[in-house]
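Have a look at the structure below, then the notes.
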Amino acid sequence: MSLSLPQGMQITGAIEPGFERILTLPALELVAKLHRSFEPRRQQLLKARAERAKRLDAGERPDFLPETRAIREGDWTIAPIPKALECRRVEITGPVERKMIINAFNSGADSYMTDFEDSNTPNWSNQIHGQINLYEAIRRTIKLEQGGKTYQLNDKIATLQVRPRGWHLDEKHVTVDGQRVSGGIFDFALFLFHNAKEQLARGAGPYFYLPKMESHLEARLWNDIFVAAQNEVGLPQGTIKATVLIETVLAAFEMDEILYELREHSAGLNAGRWDYIFSCIKKFKVDKNFCLADRAKVTMTSPFMRAYALLLLKTCHKRKAPAIGGMSALIPIKNDPEKNAIAMQGIINDKKRDATDGYDGGWVAHPGLVEPAMKEFLAVLGDRPNQIDKQRPDVNVKGSDLLDFQPETPITEAGLRMNINVGIHYLGAWLAGNGCVPIHNLMEDAATAEISRSQVWQWIRSPKGVLEDGRKVSAEMVKSLVAEELQKVKNSGAAGKFDRAAEIFEVMSTQDEFAEFLTLPLYEEV
């Protein structure tokens, strides 16, 4: 099937039946226009990221920016939140897969963040089928017949928010003037073009989640794209609303500034905890004094995570913006009541802490967790939609608090094996097209796999990368454990391209150079 394409655009992805509904000429013209207007700035910002990373490797420490002090100390707030986004006590997240979309909308959550990014393998088929699925869901025509069951939307459904890909990811199947387009612009533009007016007519609007940003200048780029896109599509300025995931340690120093840049389009901030931990490891990977313990020991009560969570909360509420808590990776364990009880208690404790601190909502990864999470927020909120009025003048987080990286011990063989096992298992599933995978009773996505890979890389190189029995973690040790853990993953009966995954994991965790993101080399293989 051939498509009509804008001048200078090429599409190399297969055009399956139905794709022409999304890849229309006017929608693709919006993609091309935004690409030509903003791609140079995206490339400049990615270059600035790389230059900053080099300075951090050389020993620079981040701090609050002196040049934006007036913004941090200024008396301003974001634009009013639309009614559809006032109540976000529980948000469920998951990939743009058809069954997941229906179940998430029906889950009882207030909001559903549908994901073109970390919980989704961004192969061509997944991205365009995801757009089709959302197009139908917004118009309530989505349906699925599977295993003798019919899945369709209930009368009452969650409010939709869409996460496009981060600035670092391209859409390799679409080029404009010979240059790959930004994956984020591609996902955003197609969704906005086809659905914004329909969503407004149904009492909601085009609402987004923005991932992986490292500075307020990256937020400014999104804001300028929103302004241009609203003009092109014929929407009033300020119609688009976006929540920013604070999931990099550098963004934590610029939360006020990020809200300020997006203030007309802001829907608050979210504490994206797993990517945040990965970001801390990545940014200080060669610091001889920095080395985190086993992943399971690094929790929201760790000093640097507690500081980050409280600063985000205080910053949002000062600016009348929603503060949304991050994802607990725990999921229901159906075949083991004892382990299930422990997992459920973990969820309850996590959401109780968020609600008591003052957060307006929190994330879950499974429909079975909506009810227990909701209960904790209702216990604090009552019939109020949020607690933005809860200011936290008692919170006084200094830059050094955000860099108080503990715990450093224990590092165990079991923790090392778990990182390797999860890395192989997740990468194998990702290569096979599934970016959201339950592994060892936790819901894993790209962020948790990144922690696994980056910890192993650092433990090999850091003088503190010593197991509690005294053995130094080495490349040779990791290689021998990769072979053993690969066999365990294969024996588990899981589906995936695990031999290739083991090769990739071994290379990326033992090679001299640290790869910026796992998904960048992986993407070239799908």
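Looking only at the range 493-526, which residues are outside any loop (DSSP other than H, G, I, E, B), under 22 Å from the mean Cα position of the chain (by Cα) and free of Cβ contacts under 8 Å to residues at least 60 places away in the same chain?
Met508, Pro521
Please pick out the residue among Leu262, Leu292 that is in contact with a Cys (Cβ under 8 Å, 6 or more places away or on another chain), at pLDDT 95 or above, buried (at least 21 other Cβ atoms within 10 Å of the Cβ) and hydrophobic (A, V, I, L, M, F, W, C).
Leu292
Inspect all residues belonging to the range 165-176 and state whether any of them is at pLDDT 95 or above, touching a Gly at 6+ places or on another chain (Cβ under 6 Å) and among the hydroxyl-bearing types (Ser, Thr, Tyr).
No; the residues of the range 165-176 include none that is at pLDDT 95 or above, touching a Gly at 6+ places or on another chain (Cβ under 6 Å) and among the hydroxyl-bearing types (Ser, Thr, Tyr).
Output the number of the condition that Phe208 fails; it satisfies all remaining conditions of (1) under 20 Å from the mean Cα position of the chain (by Cα); (2) at positive phi.
(2)
Of all residues in the range 406-432, which are in a helix (DSSP H, G or I) and of a type in the set (D, E, K, R)?
Correct list: Glu413, Arg417.
Considering Glu376, Glu468, which residue is touching a Pro at 6+ places or on another chain (Cβ under 9 Å), more than 30 Å from Phe64 (Cα to Cα) and of a type in the set (D, E, K, R)?
Among Glu376, Glu468, only Glu468 is touching a Pro at 6+ places or on another chain (Cβ under 9 Å), more than 30 Å from Phe64 (Cα to Cα) and of a type in the set (D, E, K, R).
Out of all the residues in the range 191-209, is one or more more than 28 Å from Val174 (Cβ to Cβ), surrounded by 22 or more Cβ atoms within 10 Å (Cβ to Cβ) and in contact (Cβ under 8 Å) with a residue 40 or more places away in the chain?
No.
Hey, can you tell me all the residues within the range 4-23 that are in a loop (DSSP other than H, G, I, E, B) and in contact with a Phe, Trp or Tyr (Cβ under 8 Å, 6 or more places away or on another chain)?
If the condition is that a residue be in a loop (DSSP other than H, G, I, E, B) and in contact with a Phe, Trp or Tyr (Cβ under 8 Å, 6 or more places away or on another chain), then Gly13, Ala14, Ile22 are the ones that fit.
Kindly indicate which of Ile92, Ile128 is closer than 19 Å to Asn434 by Cα and assigned to a helix (DSSP H, G or I).
Result of the check over Ile92, Ile128: Ile128.
Just wondering, is there one or more residues in the range 33-56 that are of a type in the set (Asp, Glu), closer than 30 Å to Gly268 by Cβ and not in a helix (DSSP H, G or I)?
Here is the first cut: in the range 33-56, the residues of a type in the set (Asp, Glu) are 39, 51.
Filter once more, keeping what is closer than 30 Å to Gly268 by Cβ: 39, 51.
So of that shortlist, the ones also not in a helix (DSSP H, G or I) come out as none.
No, there is no match, as no residue in the range 33-56 is of a type in the set (Asp, Glu), closer than 30 Å to Gly268 by Cβ and not in a helix (DSSP H, G or I).
I'd like to verify a number: residues in the range 321-346 that are crowded, with 23+ Cβ neighbours inside 10 Å and part of a helix (DSSP H, G or I), how many?
Total meeting the criteria: 0.
Have a look at Glu476, Glu516, Glu468, Glu485 and point out the one that is acidic (Asp, Glu), in contact with a helix residue (DSSP H, G or I) (Cβ under 7 Å, 6 or more places away or on another chain) and in the same structural domain as Met418 (by TED's automatic domain parsing).
Every option except Glu485 fails the conditions.
Could you check the range 25-40 and list, in sequence order, the residues that are surrounded by fewer than 16 Cβ atoms within 10 Å (Cβ to Cβ) and either of a type in the set (S, T, N, Q) or over 13 Å from Leu190 (Cβ atoms) (or both)?
If the condition is that a residue be surrounded by fewer than 16 Cβ atoms within 10 Å (Cβ to Cβ) and either of a type in the set (S, T, N, Q) or over 13 Å from Leu190 (Cβ atoms) (or both), then Arg36, Ser37, Pro40 are the ones that fit.
Checking the conditions here, which among Met508, Met443, Met477 is in contact with a Pro (Cβ under 8 Å, 6 or more places away or on another chain), surrounded by fewer than 22 Cβ atoms within 10 Å (Cβ to Cβ) and aliphatic (A, V, I, L, M)?
Matching residue, one of Met508, Met443, Met477: Met508.
What's the total number of residues in the range 265-289 that are out of contact with any strand residue (DSSP E or B) (no Cβ under 9 Å at 6 or more places or on another chain), crowded, with 24+ Cβ neighbours inside 10 Å and either charged (D, E, K, R) or part of a loop (DSSP other than H, G, I, E, B) (or both)?
The total comes to 0.
Just checking, how many residues over the range 354-370 are more than 15 Å from Thr114 (Cα to Cα) and either of a type in the set (Phe, Trp, Tyr) or not assigned by TED's automatic domain parsing to the domain that holds Glu91 (or both)?
Residues in the range 354-370 being more than 15 Å from Thr114 (Cα to Cα) and either of a type in the set (Phe, Trp, Tyr) or not assigned by TED's automatic domain parsing to the domain that holds Glu91 (or both): 1 in total.
Would a scan of the range 396-409 turn up a residue that is among the small types (Gly, Ala, Ser) and either within 29 Å of Pro521 (Cβ to Cβ) or buried (at least 24 other Cβ atoms within 10 Å of the Cβ) (or both)? Steps first, please.
So the first thing to find is which residues in the range 396-409 are among the small types (Gly, Ala, Ser), and the list is 399-400.
Remaining after also requiring either within 29 Å of Pro521 (Cβ to Cβ) or buried (at least 24 other Cβ atoms within 10 Å of the Cβ) (or both): none.
Among the residues of the range 396-409, not one is among the small types (Gly, Ala, Ser) and either within 29 Å of Pro521 (Cβ to Cβ) or buried (at least 24 other Cβ atoms within 10 Å of the Cβ) (or both), which makes the answer no.
Suppose we filter Ala365, Ala373 for residues that are touching a helix residue (DSSP H, G or I) at 6+ places or on another chain (Cβ under 8 Å) and either surrounded by 17 or more Cβ atoms within 10 Å (Cβ to Cβ) or more than 18 Å from Ile246 (Cβ to Cβ) (or both); which single one remains?
Ala373
Name every residue in the range 360-386 that is free of Cβ contacts under 8 Å to residues at least 60 places away in the same chain and either of a type in the set (Lys, Arg) or not in a helix (DSSP H, G or I) (or both), in order of residue number.
Scanning the range 360-386 gives Lys375, Gly382, Asp383, Arg384.
Against the definition (surrounded by 16 or more Cβ atoms within 10 Å (Cβ to Cβ) and not assigned by TED's automatic domain parsing to the domain that holds Leu518), how does His425 come out, yes or no?
no
Looking only at the range 47-62, filter to residues that are of a type in the set (A, V, I, L, M, F, W, C) and touching a helix residue (DSSP H, G or I) at 6+ places or on another chain (Cβ under 9 Å); which one of those is nearest to Leu217 (Cα to Cα)?
Here the residue is Ala48.
Which numbered condition trips up Asn133, out of (1) part of a helix (DSSP H, G or I); (2) of a type outside the set (Val, Ile, Thr); (3) more than 23 Å from the chain's Cα centre (by Cα)?
All conditions pass for Asn133, except number (3).
The values are calculated or read from the model by the stated rules, or taken from the named source; none is laboratory data. From a predicted model like this one, the values you see are computed outputs, not experimental measurements. A quick note on method: Cβ atoms are made from the backbone with ideal geometry, for glycine too, and the neighbour counts reach across all protein chains shown.
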